[in-house]
1. Roughly how big is the chain's charge dipole about its Cα centre, with Cβ charges of +1 (Lys, Arg) and -1 (Asp, Glu), in debye to the nearest 20?
2. Hey, any idea what the orientation-averaged projected area of the convex hull of segment 17-76's Cα atoms comes to, in nm²?
3. Please report, in whole Å, how far the alpha carbons of segment 1-50 spread along each principal axis, starting with the longest.
4. Straight-line reach from residue 24: which lysines have a Cα under 19 Å away, not including same-chain ones fewer than 8 places off?
5. Return the equivalent ellipsoid semi-axes of the chain as a descending list in whole Å, where each equals the square root of 5 times an eigenvalue of the C-alpha gyration tensor.
6. Output the relative contact order of segment 1-124, whole-number percent, from Cα pairs under 8 angstrom with separation of 6+ residues.
7. Quick one: pull the percent of accessible area on the chain belonging to carbon and sulfur, 1.4 Å probe, ligands and nucleic acids left out.
8. Putting +1 on Lys and Arg Cβ atoms and -1 on Asp and Glu Cβ atoms, find which of 85, 58, 112 reaches farthest to the positive end of the dipole of segment 37-128.
Amino acid sequence: NRPMSNVNEIVVNYIAAWNEPDPKRRREIVARTWTDGGSYVDAHRKGVGHDAIDTMIATARKLFPRYRIRLISKIETHNGNLRFSWAAGGTEQAPLYLGGTDYGLLAADGRLQSVIGFVDASPVPVPA
């Protein structure tokens with residue numbers, strides 16, 4: 001098992017990356033949080049490597065500009081794996097509620113090797 005303080009720091013940085021509007025700062029956070037070949041994948045997006053993860057987050061921020069992700073569960077970790085749930089929205093600035101659970105694999109250096117995201121709550125699709 002990894003030291004809990006390091007896992008907490010990784011999750012704080014992970015959430016900060018999704019919330020960071022400044023491209024230069026976001027890129028620095030991504031590099032601190034994921035390994036060079038690290039990955040993120042969910043049902044709607046995928047990124048492998050720092051550049052692709054940063055671009056993926058920037059695109060998601062354009063789709064949901066006023067949304068801020070926040071941790072809503074404990075951080076569970078064992079055998080180099082971690083899991084936590086997050087939420088965004090549900091505010092006047094971002095009224096539609098989004099939520100998910102992310103699963104990560106930690107590399108030997110303590111950064112994320114991979115994250116797989118699942119959506120737990122999302123707005124009802126609007127018919128075209």
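1. Roughly 180 debye, rounded to the nearest 20.
2. 4.6 nm²
3. Extents along the principal axes, in whole Å: 30, 24, 19.
4. Of all the lysines, those that pass the test against residue 24 - Cα under 19 Å, at least 8 places apart if same chain - are 62.
5. Ellipsoid half-lengths, sorted descending, are 24, 17, 13 Å.
6. 24 percent.
7. That fraction is 57 percent.
8. Value computed over the given set: 58.
The values are calculated or read from the model by the stated rules, or taken from the named source; none is laboratory data. Keep in mind that this is a model prediction, so the values were computed, not measured. Note that we place each Cβ from the backbone using ideal geometry, even for glycine, and neighbour counts take in every protein chain shown. All accessible areas refer to the heavy atoms of the entire protein, side chains included, with ligands and DNA or RNA removed. Shrake-Rupley method; radii C 1.70, N 1.55, O 1.52, S 1.80 Å.
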